[in-house]
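Values in this text are rule-based calculations from the coordinates and carry no lab data. In this text the structure is predicted, and so the values were computed from the model without any measurement.
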Amino acid sequence: MRDGENIQAVAALGADYLGFIFYPKSKRYVGKADMSALRELPPHIKKTGVFVDASYQEIKDTVIAYGLDAVQLHGEETPVFCKTLQQDGLEVIKAFGVHEGFYFYVTEPYLECTDYFLFDTKVPEYGGSGISFNWNELKNYPYSKPYFLSGGIGPDNLSKIALINDERLYAIDLNSKFEVLPALKDVEKLTKAFEQIKNFPAVGQSTKRL
């Protein structure tokens, strides 16, 4: 997100996380975000910076400039790198691209240096593909580490998430299919989605990230 009014409107819906993409190649790159809107966010909302193979100093400077609470890492960041950020007091979310036959054991080195995993759809480029992976693959995930579910979640398949019935499913990433334009959320669609999510048996008490 980057538009001030849109940030405030989505925050008012009760989102627990708001995402700001600091990957310059993304069409959702935050650019010159409305800093006043970020400062006015209620303290319970975790301002989350999304990075792809950024340097430690770049992330640190961005965290300070924007007052970020969490980082979401989509590149080839090492467990040591993640641990360093975690020791700085940041919540660390490590993303993995899932495909048919994905080897979930590659997440094991990150169990002790992250707060959450994020399972997205494996695509050639990073983020916002609008494509879902086969959620049945989650049955092969062997660890207790809670995770965010991402990748092509929209009004047409949101109800199917309730069928996953996995207590490790901590948060739902609502992104490209809830946009009017890249980085501009459709508040009406999100309002309906939030009401729907609240009634999910498995994730009714979990969080929502945008």
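Of note:
- Computed from backbone phi, the HN-Hα couplings of the range 7-14 come to 4, 5, 5, 6, 4, 5, 6, x Hz, rounded to whole numbers (Karplus: 6.51 cos²θ - 1.76 cosθ + 1.60, θ = phi - 60°; Gly and Pro given as x).
- Amide hydrogen proximity for ASP53: with H placed 1.01 Å from N in the peptide plane, the residues at 5 or more positions away or on another chain lying under 5 Å are HIS74, GLY75, GLU76, GLU77.
- Interchain or long-range residues, amide H under 5 Å from LEU118's placed H: LYS94, ALA95, PHE96, PHE148
- Percent antiparallel among DSSP beta bridges (both partners in the chain, rounded to 5): 5
- Mean separation of Cα pairs under 8 Å and 6 or more residues apart, divided by the residue count, gives the range 4-209 a relative contact order of 18 percent.
- Derived scalar couplings between HN and Hα for the range 183-198 equal 6, 10, 7, 8, 5, 5, 5, 5, 4, 5, 5, 5, 5, 5, 4, 4 Hz in order, rounded to whole Hz, by the Karplus curve 6.51 cos²θ - 1.76 cosθ + 1.60 (θ = phi - 60°), x for Gly and Pro.
- Which listed pairs, of LYS25/LYS46; LYS94/LYS185; LYS145/LYS177; LYS160/LYS189; LYS83/LYS145; LYS47/LYS94, have C-alpha distances above 22 Å, in listed order: LYS25/LYS46; LYS94/LYS185; LYS145/LYS177
- Mean residue ellipticity at 222 nm, helices only, the chain: -6000 deg cm²/dmol; runs of at least 4 DSSP H residues each add -39,500 (n - 2.57), and the sum is divided by the number of residues.
- Residues with amide H under 5 Å from that of ASN175, placed H, sequence gap 5 or more: ILE153
- From phi via Karplus (6.51, -1.76, 1.60), per-residue ³J(HN,Hα) for the range 159-169 in Hz, x at Gly/Pro: 4, 5, 5, 4, 7, 5, 6, 10, 5, 7, 6
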